[in-house]
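Notes for the one structure printed next.
The values are calculated or read from the model by the stated rules, or taken from the named source; none is laboratory data. Quick caveat: nothing in here was measured; it's all calculated off a predicted structure. With ideal geometry, Cβ positions are generated from the backbone for all residues, glycine too; neighbour counts draw on all protein chains shown.
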Amino acid sequence: MTIKKNLLIVPALKIDDGAPSAPWLGPGGGDWARITNAHSSLPRATAWAGTTPGNPILSRANVIAGKYYVVSYSVRAIAPQAAVLNLDWKTGSNAFISTTSGSGSDYGVINMVASSTGRFAVLGQAPATAERLTPVMPGIDGSAQITAGMVRQFDTLVEAQAAILVDRLASGYFDGDSPNSVWDGSNGESTSTYTADEIPTARTTWGAQTTRITRTKDFATAATIWGAQATRTGLIPTVSWDPRRGRIRISASGLAPDVVRVEVSSRPLGTNRWSPVRGGAVAVVAGRFARTVDDYEFAAGEGMQYRIQTITTAESITPPNVSQTVVSTVSDTLDQVWVKFIVAPHRNQKVSLIGWGAVTRRSRQAVFGIRNRPDPIVVTDVHTSRSVTVSLMTWTEEEAEELDRSLALGLPVYFHTPSSVQLRSMYASIGDYTFERSGGVTSPRHIFSIPLTEVSAPPLSIVGPGLTYASLAEDFASYEELADAFVSYLEVIA
């Protein structure tokens, strides 16, 4: 069971309680006020908006001295912005103690062009006498809208460092109006609690033919709209997101008795060309997929459509007809960088990308001098594929050891990046990588420098086996732990 709390008392100005919307306050004498028609790119329609430069105060939260806090907000820049997100620590009587500044941090600097939306976050530890936290956004240059504030508490720095990677995403925000969440007190004016199972679930509602998929990892909920149903009566497709392995899972039941196999293909939303999904040719047993089809290599950013084609003949026989259905999946399919091992998907690992070097394409040419002529001749070929060295941060010793073990296998990888990252995804081989400790001898953090050389995608016949006995032995210390994690052995191999 996952339980998370948003400690901000007025997170999104749902209620107008005067002054004009205490405890949110604008710069002295400014025009900042609550609005109910915030830009659609923001997580909430109510926001704090104004045009006066200054230091808007963004609600408050009660804190405990010594605990770690991750504070995050969404901002719509009407005009260009150059500001920071700060945390002002105060006593119970509202006396100022100190400030944790977002300046110089990874996600606390607000540098935005006009007509853009972003989410920003800062991590800080409450001082010894602190009982209250007041987020402030100094340096706002003019027109902006701010909403969806969140304050979360953690016992350790490592926990807070992991949480900030999720909370800085718009999909990471929740309050009492979010799915699986409740207000702890007054509606819109209290802390809120999110509760959900660890395993994503899907619920199918017939009639309107809509599948709702809840992604418990990042709190996002999306509707899956089914395409034209040119399928056999009774076909019930299921599409779900698995944050543990970074895959979209496709399956179906209720297939007609004469269907012996299916073929699953995909395409990014808004495009026309279908491509086979790796491992998408599946036998049908008792009216359902013999195994789940897992798509690890989906296109990030705009969502995916999946086509399930049902076939009544063996592969060696041309079928008289092929029935099909089209299923759309969630639009937000990827929010972090993954290193994926096509032949060993149980090794897939979510990573923190902190930067990369120059992208290189080496030339392949030879220049020959010719006797009695000043200009040489050249024999050329196309340049090589891209090569780049990426820098990854691991936050714990266990995460560093797991990444090192996986990279040391020498397997090609699929370096999968979300659309928000300006380094596009690539199939790659790994060169001589290094890693070193970051932050002193007691720090659990490590920085990996990994050279990647782009290679061709492996053929579709290459399909990873999923879990193996070796990987189960690494992941679980005993059969009791294994039994607690899975309902049956059939689920273990899924």
Residue 327 vs. criteria of a type in the set (A, V, I, L, M) and without any contact (Cβ under 8 Å) to a residue 60 or more places away in the chain = no
note = residue 278: passes all of (1) basic (Lys, Arg); (2) assigned to a strand (DSSP E or B); (3) within 19 Å of the chain's Cα centre (by Cα) but (3)
request  = Those residues that are surrounded by fewer than 19 Cβ atoms within 10 Å (Cβ to Cβ), at pLDDT below 90 and part of a strand (DSSP E or B), I need them from the range 1-33; list them, please.
outcome  = 2, 3, 18, 33
Options 357, 303, 279, 287; residue that is assigned by TED's automatic domain parsing to the domain that holds residue 253 and within 27 Å of residue 411 (Cβ to Cβ) = 279
ask   = Which ranges mark the strands (runs of 3 or more DSSP E) fully within the range 343-409 that have 1 or more residues being more than 30 Å from residue 447 (Cα to Cα) and more than 33 Å from the chain's Cα centre (by Cα)?
value = 364-368, 377-381
request  = Enumerate the pairs (first residue in the range 357-380 and within 27 Å of residue 423 (Cβ to Cβ); second residue anywhere and surrounded by 10 or more Cβ atoms within 10 Å (Cβ to Cβ) and hydrophobic (A, V, I, L, M, F, W, C)) with beta-carbon separation below 9 Å, excluding pairs fewer than 6 apart on the same chain, so at least 6 apart or on different chains.
outcome  = 357/388; 357/390; 358/388; 359/388; 359/423; 360/388
ask   = Pick from the range 359-396 the residues that are in contact with a His (Cβ under 8 Å, 6 or more places away or on another chain) and loosely packed, with under 13 Cβ neighbours inside 10 Å: which of them is nearest to residue 156 (Cα to Cα)?
value = 361
inquiry  = Looking at 363, 385, 406, can you tell me which residue is more than 30 Å from residue 41 (Cβ to Cβ), in contact with an Asp or Glu (Cβ under 7 Å, 6 or more places away or on another chain) and either outside the structural domain of residue 277 (by TED's automatic domain parsing) or among the β-branched types (Val, Ile, Thr) (or both)?
reply    = 385
task = Taking only the range 285-312 into account, find how many residues are touching a Leu at 6+ places or on another chain (Cβ under 8 Å) and farther than 12 Å from residue 263 by Cα.
result = 9
ask   = Does any residue of the range 445-459 turn out to be among the aromatic types (Phe, Trp, Tyr) and not in a strand (DSSP E or B)?
value = no
request  = Please work out which one of (1) in contact with a helix residue (DSSP H, G or I) (Cβ under 9 Å, 6 or more places away or on another chain); (2) at pLDDT below 95 is the condition residue 339 fails and give its number.
outcome  = (2)
query = Within the range 112-163, can you find the residues that are modelled with pLDDT of 90 or more, assigned to a strand (DSSP E or B) and among the β-branched types (Val, Ile, Thr)?
reply = 117, 122, 134, 136, 146, 147, 151
request  = Might you let me know whether the range 35-54 holds any residue that is among the hydrophobic types (A, V, I, L, M, F, W, C) and over 31 Å from the mean Cα position of the chain (by Cα)?
outcome  = no
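Yes or no, residue by residue, for (1) surrounded by fewer than 18 Cβ atoms within 10 Å (Cβ to Cβ); (2) touching a residue at least 40 places away in the same chain (Cβ under 8 Å):
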position: 105; (1), (2): yes, no
position: 108; (1), (2): no, no
position: 111; (1), (2): yes, no
position: 118; (1), (2): no, yes
position: 144; (1), (2): no, yes
position: 152; (1), (2): no, yes
query = Among the residues of the range 203-223, is any farther than 19 Å from residue 3 by Cα, in a strand (DSSP E or B), modelled with pLDDT of 50 or more and not assigned by TED's automatic domain parsing to the domain that holds residue 7?
reply = no
Breaking point among (1) within 24 Å of residue 163 (Cβ to Cβ); (2) surrounded by fewer than 17 Cβ atoms within 10 Å (Cβ to Cβ); (3) of a type in the set (Ser, Thr, Tyr), for residue 417 = (2)
Given (1) assigned by TED's automatic domain parsing to the domain that holds residue 248; (2) exposed (fewer than 15 other Cβ atoms within 10 Å of the Cβ); (3) free of Cβ contacts under 8 Å to residues at least 12 places away in the same chain, number of the condition residue 319 does not satisfy = (2)
message = It is to be established whether one or more residues within the range 295-306 are more than 30 Å from residue 119 (Cβ to Cβ) and in contact with a Lys or Arg (Cβ under 9 Å, 6 or more places away or on another chain).
response = no
message = If residue 65 meets every condition in (1) in contact with a strand residue (DSSP E or B) (Cβ under 7 Å, 6 or more places away or on another chain); (2) farther than 22 Å from residue 166 by Cβ apart from one, which number is that one?
response = (1)
remark   = Those strands (runs of 3 or more DSSP E) completely within the range 55-99 that have 2 or more residues that are modelled with pLDDT of 95 or more and touching a Phe, Trp or Tyr at 6+ places or on another chain (Cβ under 7 Å) are 68-77
remark   = Condition set assigned to a loop (DSSP other than H, G, I, E, B) and modelled with pLDDT of 85 or more, scope the range 257-269, selection nearest to residue 286 (Cα to Cα): answer is 257
note = Only one of (1) within 26 Å of the chain's Cα centre (by Cα); (2) over 24 Å from residue 33 (Cβ atoms) does not apply to residue 98, and that is (1)
Meets criteria (crowded, with 18+ Cβ neighbours inside 10 Å and within 25 Å of residue 32 (Cα to Cα)) for residue 124 = no
